[in-house]
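Visitor: Sharing a structure with you now.
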Amino acid sequence: MDAGMVSEVRRFNRTVTQRIGALNDHYLGPRPLGEARLLWEIGDGRDLRSLRTTLGLDSGYLSRLLRSLEADGLVTVRADDADRRVRVARLTAAGKRERRALDRRSDGIAETILAPLSDRQQERLVAAMVEVERLLRAGMVEVEAVDPAHPDAQYCVQAYFADIAALFEDGFSRETVLQPEIEVVLLARLADEPIGCVALYEPEPGVCEMKRMWVHESARGLGVGRRLLVELETLARQRGASSIRLETNRSLTEAIGLYRSAGFEEVPPFNAEPHAHHWFRKQLA
């Protein structure tokens, strides 16, 4: 990792924490930042698992924060009516009042950051913040290899078929598509939620074939597709493959552009996939 880049990230972190006031003991009001953020995230009610995932907190620390908010009469934690195994945090009337006060203070901090700047500087700062948030979210994406029967893999594959059914110009029938024996699925998650996948199988020794590339619309623009391609190449090399191949439909123009930019070259058809118009192969060094 480049030492200069690391230094710039640390400088940015120091500037941001100081400018927004996060160094103060009681950021945004009478309580610590962790409690304030948790109070805001609970909103209209959240189960504890989703709170842990969203905030990246371990169970012990989340429990301590909740106990503190409960002691102040701001939060209740009860079993969910529909599933008694799930515990849900909800704001009391006092908690809702404090959350509204948090919103007002947060708006005030944002206004103090923007106010000294010219209109053009405000636009530049907000645009830069949007880009920083996008890149930070991209860095939070995790990719792992899972069994094709994994529920998250099944969810992604079903979403893939739903998307292409809407996109293919000449229609789509799942009954007519080739159904190879998928061996592994690379699953992309963001905040523990599945947001993308790509499947792999070996039709012949030394060749890996890529199938079912999909990225959730909320995660498009984060580089998830390219990340999945890189991880797929790594996995294919580990399995001893000398090449990767794929076929795709002409309607998927963005995907075709991604494959070409990643070094895939168009080749003659290597299967009889009825919905394919382009076939690609990439030799692995």
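Visitor: For helix 59-71, report the angle its Cα long axis makes with the longest principal axis of the Cα atoms of the chain; keep it between 0 and 90° and round to the nearest 10°.
Guide: Approximately 30 degrees, to the nearest ten.
Visitor: Give, in nm to one decimal, the length gained when the segment between Ala94 and Val6 is fully stretched (0.36 nm per residue of separation minus the Cα-Cα distance).
Guide: 27.4 nm
Visitor: For region 140-283, with only Lys/Arg (+1) and Asp/Glu (-1) charged at the beta-carbon, what is the dipole magnitude about the Cα centre, in debye rounded to 20?
Guide: Here region 140-283 has a charge dipole of around 420 debye.
Visitor: Using a Förster distance of 30 Å, how high is the FRET efficiency between Asp83 and Ala162, based on the Cβ-Cβ distance and rounded to 0.05?
Guide: The computed FRET efficiency comes out at 0.65.
Visitor: Another question about this same structure. Which FRET efficiency, nearest 0.05, do Arg237 and Arg67 yield, Cβ-Cβ r, R0 35 Å?
Guide: So the FRET efficiency works out to roughly 0.10.
Visitor: Next question, about the same structure. List the residues whose amide H sits under 5 Å from the amide H of Arg212, counting only those 5 or more places along or on another chain, with H placed 1.01 Å from N in the peptide plane.
Guide: Ala199
Visitor: If you place +1 on the Cβ of every Lys and Arg and -1 on the Cβ of every Asp and Glu, how big does the dipole about the Cα centre of the chain come out, in debye to the nearest 20?
Guide: 1260 debye
Visitor: Given H placed 1.01 Å from N in the peptide plane, which residues other than close sequence neighbours of Leu284 have an amide H under 5 Å from its amide H?
Guide: Result for Leu284 returns Ser243, Ile244.
Visitor: What trypsin sites (Lys or Arg not before Pro) in region 79-149 are in a loop by DSSP, with at most 14 other Cβ atoms within 10 Å of the Cβ?
Guide: Those satisfying the criteria are Arg84, Arg85.
Visitor: Taking the chain as the reference, fit the longest principal axis to its C-alpha atoms, fit the long axis of helix 33-42 to the helix C-alpha atoms, and give the angle between the two in degrees, 0 to 90, nearest 10.
Guide: Helix 33-42 sits at roughly 60 degrees to that axis.
Visitor: Continuing with this model, one more query. Between Ser118 and Asn24, 0.36 nm times their residue separation minus their Cα-Cα distance comes to what?
Guide: On the way: separation 94, 0.36 × 94 = 33.84 nm, distance 2.74 nm.
My answer for the length gained is 31.1 nm.
Visitor: Using only alpha-carbon positions, what ratio does the radius of gyration of region 140-283 give when scaled by 2.2 N^0.38 Å?
Guide: Computed over Cα atoms of region 140-283, the ratio equals 0.97.
Visitor: Then there is this: With only Lys, Arg, Asp and Glu charged, each at its Cβ (+1 for the first two, -1 for the last two), find how big the charge dipole of region 3-116 is about the Cα centre; round to the nearest 20 debye.
Guide: The calculated dipole for region 3-116 is roughly 140 debye.
Visitor: Please give the Cα centre distance for region 12-91 versus region 218-274, rounded to the nearest Å.
Guide: Between the Cα centre of region 12-91 and that of region 218-274, the gap is 41 Å.
Visitor: Running a GNM on the chain with Cα contacts under 10 Å, which residue among Ala82, Ala162, Ala188 ends up with the highest mean-square fluctuation?
Guide: Highest fluctuation among the options: Ala82.
Visitor: Can you say what percent of the DSSP beta bridges in the chain, counting only those with both residues inside, are antiparallel? Round to 5.
Guide: Around 90 percent of the beta bridges assigned by DSSP in the chain are antiparallel ones.
Visitor: Sticking with this structure for a sec: Could you work out, for the chain, what percent of all Cα-Cα pairs fall into each 10 Å distance bin, beginning at 0 Å and stopping at the bin that holds the largest distance?
Guide: 5, 20, 25, 20, 18, 10, 1
Visitor: Using θ = phi - 60° and the Karplus curve 6.51 cos²θ - 1.76 cosθ + 1.60, what whole-Hz ³J(HN,Hα) does each residue of region 192-206 get, with Gly and Pro shown as x?
Guide: The phi angles translate into 6, 9, x, 10, x, 7, 8, 10, 9, 8, 10, x, 7, x, x Hz.
Visitor: For helix 93-114, report the angle its Cα long axis makes with the longest principal axis of the Cα atoms of the chain; keep it between 0 and 90° and round to the nearest 10°.
Guide: The angle comes out at about 80 degrees.
Visitor: Counting only other residues whose beta carbon sits under 15 Å from that of Pro32, what net charge do I get with K and R as +1, D and E as -1?
Guide: My count for the surroundings of Pro32 gives 0.
Visitor: Here is a follow-up. Run a plain Debye calculation on region 3-116 (Cα atoms as equal point scatterers, no solvent) and give log10 I(q)/I(0) at q = 0.15, 0.16 Å⁻¹, rounded to two decimals, same order as the q list.
Guide: Taken in order of the listed q values, log10 I(q)/I(0) reads -0.74, -0.82.
Visitor: Further, regarding this structure: Where does each of 70-78, 4-12 land if you order them by average Cβ count within 10 Å, highest first? Spell out each step's value before the answer.
Guide: Details: 70-78: 15.4, 4-12: 10.0.
Going by the mean number of other Cβ atoms within 10 Å, highest first, we get 70-78, 4-12.
Visitor: Given a 1.4 angstrom probe, what's the average accessible area per residue across the chain, in square angstrom?
Guide: On the way: 16660 Å² over 285 residues.
For the chain, the solvent-accessible area averages 58 Å² per residue.
Visitor: Each residue of region 247-262 in order: what ³J(HN,Hα) in whole Hz does its phi give by Karplus 6.51 cos²θ - 1.76 cosθ + 1.60, θ = phi - 60°, with x for Gly and Pro?
Guide: Listing the rounded values in order: 10, 8, 8, 5, 6, 8, 5, 5, 5, 4, x, 5, 4, 5, 5, 8 Hz.
Visitor: Which length gain, in nm to one decimal place, applies between Glu217 and Glu111 when the Cα-Cα distance is subtracted from 0.36 nm times their residue separation? Walk me through the numbers on the way to the answer.
Guide: Numbers: separation 106, 0.36 × 106 = 38.16 nm, distance 3.10 nm.
Contour length minus Cα-Cα distance gives 35.1 nm.
Visitor: Another question about this same structure. For the chain, give the percent of accessible area contributed by carbon and sulfur heavy atoms, probe 1.4 Å, rounded to a whole number.
Guide: C and S fraction of accessible area: 52 percent.
Visitor: Then there is this: State whether region 210-278 is rounded, prolate or oblate according to the following rule on the C-alpha gyration tensor (a ≥ b ≥ c being the square roots of its eigenvalues): a/c under 1.5 gives rounded; otherwise a/b larger than b/c gives prolate, and the remaining case gives oblate.
Guide: oblate
The values are calculated or read from the model by the stated rules, or taken from the named source; none is laboratory data. The structure presented is a predicted model; accordingly, all values stated were derived computationally and were not measured. No Cβ is skipped: glycine too gets one built from the backbone with ideal geometry, and neighbour counts run over all protein chains shown. Ligands, DNA and RNA are excluded from the accessible area calculation, which covers all protein heavy atoms including side chains. Shrake-Rupley method; radii C 1.70, N 1.55, O 1.52, S 1.80 Å.
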